[in-house]
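Read the structure below first, then the notes.
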Amino acid sequence: MKDAKKAQVDDAHIAVHWKEEGYYQPPARFIGQANAADPDILERFSEEHFPDCFKEYADLLTWDTYWQTTLDTSNPPFWKWFVGGRLNVSYNCVDRHLATSRNKAAIIWVPEPEEERTEAVTYQDLYGRVNEFAALLRDFCGVKVGDRVTFHLPMVPELPVSMLACARLGVIHSEVFGGFSGMACGGRIADSQSRILVTMDGYYRNGELVDHKAKADEALAVAREQGIEVDKVLVWRRHAGQYASESPMVDGRDFFVDELLNDYRGTLVEPVSMPAEAPLFLMYTSGTTALPKGCQHSTGGYLAYVAGTSKYYQDIHPEDTYWCLADIGWITGHSYIVYGPLALGTTSVIYEGVPTYPDPGRPWRIAERLGVNIFHTAPTTIRMLRKLGPDEPAKYNYRFKHMTTVGEPIEPEVWRWYYDSVGKGEAAIVDTWWQTENGGFLGSTLPALQAMKPGSCGPGVLGIYPAIYDEDGNVLEPGSGRAGNVCIRNPWPGSFQTIWGSPERFIQTYYEKYCANKESKDWRDWPYMAGDGAMQAADGYLRILGRIDDVINVAGHRLGTKELESASITVEEIAEAAAVPVIDDIRGRAVEMYVSLKPGFSASSEIEKKVSKAIESHIGKIARPKNVWIVPDMPKTRSGKIMRRVIASISNFADIGDTTTLANPEIVEDIRQHVQGEKVDRGETPRELTAEELKEMAAFGAE
Ligand code: PRX
């Protein structure tokens, strides 16, 4: 295992996707109004002022009881922030804005069908809705402080309402991305031991009203198999009074929220004053094993961190109209659609559907009509909009002062289209690097003070001190031209607290490798290992090269190879399965599955479809493989391990490299001819890949 990882990092030395780019200076108009325009801020957050520098973030919040200890390191690496403090997140995101901004839109919700009315939810409306739903959760469902409630909700205002209602009660929410399958949702219900599921009957996606409630029935069955019985399913309705699902409502278990709410009209619920260290929510993400990890985020540290980074890195002012196109079902949406923007009392736009529906001018029409001035999305969406409508932005009269890219590396060419065409050369861009685990940004430029460099996210953000280590724990100096494992040397308030139910896995995955001394209570001995390969230029800017574990980043979403493989082998004909990434010009990477059959079965397109279907039902449509290849056997080492790098190279038309260590080298040429022959027939030969991309593919999953 150690050797395999070493090989990956060594290969990453040259896995540089593009040459070093020149700087772009922040536009003067942006600097003039920026929240962080005084370079003193860099000094205030320098290492010598750590951890007290984060008082500046904590002071953006309203505390019921002010905290005494900034950072408690007594139980490494379970750091505690703002100890002794108490606050309520829903109070901070809603109630405290009423005095000045009661009638201002907190949320502007844009339904996917263009003929449907856009809905502005004012802070006063939001206050009413959050209180009523909190009353329902407390009095009808009986949930109390520390209980978990799972949501499986799409991009509708009911999702932030549900989140804030839980936060008001001190109840831990766990939102499962709406596009995930019922089975995926069921596994997460069981892991978090939720007794309540909040869902919706249907929602619009690409012009269709999707039946969503059906997934709840499947989720409950899966949770039951895993020993958790859900008591109540609360079903919001996309159109109040109409039911958009074919799935029957189960008597005594399933309830329409709009009907129940009649009993709670106008009810107010006192916000529960929570310790800063109480968990606020869980967010599941993929890793090396088949079991997704429930990242547990805190109340005070998390909210302070997302408020601070929203202010300085998103440059949110209360009077801005801010639009992040991510899904609230991912961490980006939690931190930078809901909690950060609402803590700052701004207007956050939520769009229900697909950005290119009904045409690639849609986002720019929305921006023009709503006066959006801050725009936030992922490279995969930028690539898609550029491909389908390169000239669309110029047709609309909007002005962005600031734009974000997040979730995957962005190619400089795509970055330049974003800057020139979408931003019209007037917007500052931040390329924000971070992860579900982190709560908020780790790497980015400070938009008015640090120049942009296409393809690099920038230095560590305020109060984050990154370092790149080689396999032996030596620091690779900035400008060394070498890649290694990017780590953060210090704790920060937004970090997750643990993996729900698996503290050992938390230590082992993120801290074990580079911990200098397990007995030490000094944070300097406990660097956080992010799990990404990276290089650092002489100016300190980081270039993120991608995951070092077996995770494939498809359109900015993390998919674990083990999850894909274990879903595939649920198909009765399948003996073995291996998932590999292929370069995809829109989604960054796509998944291809290689499977071999049990004796007595022969290859057929039905089996291929069954594998796709199994992945779709275990994980969700986003994980659907581009191709399923049925092969006579997998290329294996003499100890029986599947050599994923060999099949990844075949899928990407890359150099297969040395196969002499294989137990069955003769199989490789068979597979290559079959797969590449089919790909040529289907017109799927990749564009010419750079030497570095080929190398990256060849380095994948070498175990
Ligand atoms: O590999 C990095 C990549 O996405 C991973 C985190 O994925 P997730 O937890 O789903 O969170 C995505 C949004 C916060 C990272 O380990 N990644 C994220 N942002 C960037 C990135 N790679 C390059 N550049 C980025 N800006």
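Rule-based calculations on the coordinates, nothing more; no lab input. The structure displayed is predicted, hence computed values, not measured ones. Note that we place each Cβ from the backbone using ideal geometry, even for glycine, and neighbour counts take in every protein chain shown.
For the peptides 105-112, 184-191, the ranking by mean Cβ contacts within 10 Å, running from highest to lowest, is 184-191, 105-112. Within the shell defined by Cβ-Cβ distances under 10 Å, the residues around Ile630 carry a net charge of -2, with Lys and Arg each +1 and Asp and Glu each -1. For region 286-424, the alpha carbon positions stretch 43, 40, 27 Å along the principal axes, listed from largest to smallest.
Note on Ser639 and Lys513: with the Förster distance fixed at 30 Å, the Cβ-Cβ geometry gives a FRET efficiency of about 0.80. For Phe256, nonlocal amide neighbours, meaning residues 5 or more places apart or on other chains whose placed amide H falls under 5 Å from its own, are Val235.
For Thr122, the residues 5 or more places off, or on other chains, whose built amide H falls under 5 Å of its own are Ala106.
If both residues of a DSSP beta bridge must be in region 151-241, then about 35% of such bridges are antiparallel. The simple spin-label model puts a point 7 Å past each Cα toward its Cβ; for Asp258 and Asp40 those points are separated by 5.3 nm.
Could you pull out which residues in region 262-302 have an amide N less than 20 Å from a spot 7 Å beyond the Cα of Ala240, following the Cα-Cβ vector? The answer is 262-269. So what's the net charge close to Tyr91: Lys and Arg +1, Asp and Glu -1, counting the other residues with Cβ under 9 Å from its Cβ? For residues surrounding Tyr91, the net value is 0. Calculate the FRET efficiency for Arg117 and Asp670 from the Cβ-Cβ distance with a Förster distance of 60 Å, rounded to the nearest 0.05. The value I calculate is 0.55. Each residue of region 576-591 was assigned a 3J(HN,Hα) from its phi angle through the Karplus expression (A = 6.51, B = -1.76, C = 1.60, θ = phi - 60°), giving 9, 9, 9, 9, 9, x, 10, 5, 9, 5, 9, 8, x, 10, 10, 9 Hz with x at Gly and Pro.
The C-alpha atoms of region 445-567 occupy a region whose extents along the principal axes are 42, 39, 28 Å, arranged from largest to smallest. Remark on Lys636: its backbone amide H falls under 5 Å from those of Met643, Ala663, Asn664, a criterion applied only to residues 5 or more positions apart or on other chains, H modelled at 1.01 Å from N.
Distance from the alpha carbon centroid of region 29-46 to that of region 308-348 works out to 19 angstrom. Shape class for region 199-279, computed from the alpha carbon gyration tensor (a ≥ b ≥ c): oblate, with a/c not under 1.5 and a/b at or below b/c.
When the alpha carbon gyration tensor of the chain is reduced to an equivalent ellipsoid, its three semi-axes come out at 37, 31, 26 angstrom, largest first. Size descriptors for region 600-694: radius of gyration and Dmax over Cα atoms are 14.6, 42 Å. Using r as the Cβ-Cβ distance of Glu688 and Ile586, and R0 as 30 Å, what FRET efficiency do you calculate, to the nearest 0.05? It comes out at approximately 0.95. Distance from the Cα centroid of region 233-269 to that of region 592-609 is 43 Å (rounded to whole angstrom). Note on region 456-514 and region 51-130: Cα centroid distance 27 Å, given to the nearest whole angstrom. Here the gap between Glu678 and Glu504, fully extended at 0.36 nm per residue and compared with their Cα-Cα distance, gives a gain of 58.1 nm.
When Rg and the Kirkwood radius Rh are both evaluated on Cα atoms of region 96-248, their ratio Rg/Rh stands at 0.98. Can you list the lysines whose alpha carbon is less than 22 Å from that of Lys598, not counting same-chain residues fewer than 8 positions off? Reachable lysines: Lys562, Lys609, Lys610, Lys613, Lys636, Lys641.
Of all beta bridges DSSP finds with both residues in the chain, what is the antiparallel percent, to the nearest 5? The antiparallel fraction comes to roughly 60 percent.
Computed extension gain for Thr660 through Thr570, at 0.36 nm per residue and net of the alpha carbon distance, reaches 29.2 nm.
Each Lys or Arg adds one and each Asp or Glu takes one away; over the other residues whose Cβ falls under 13 Å from the Cβ of Trp415, this sums to -1.
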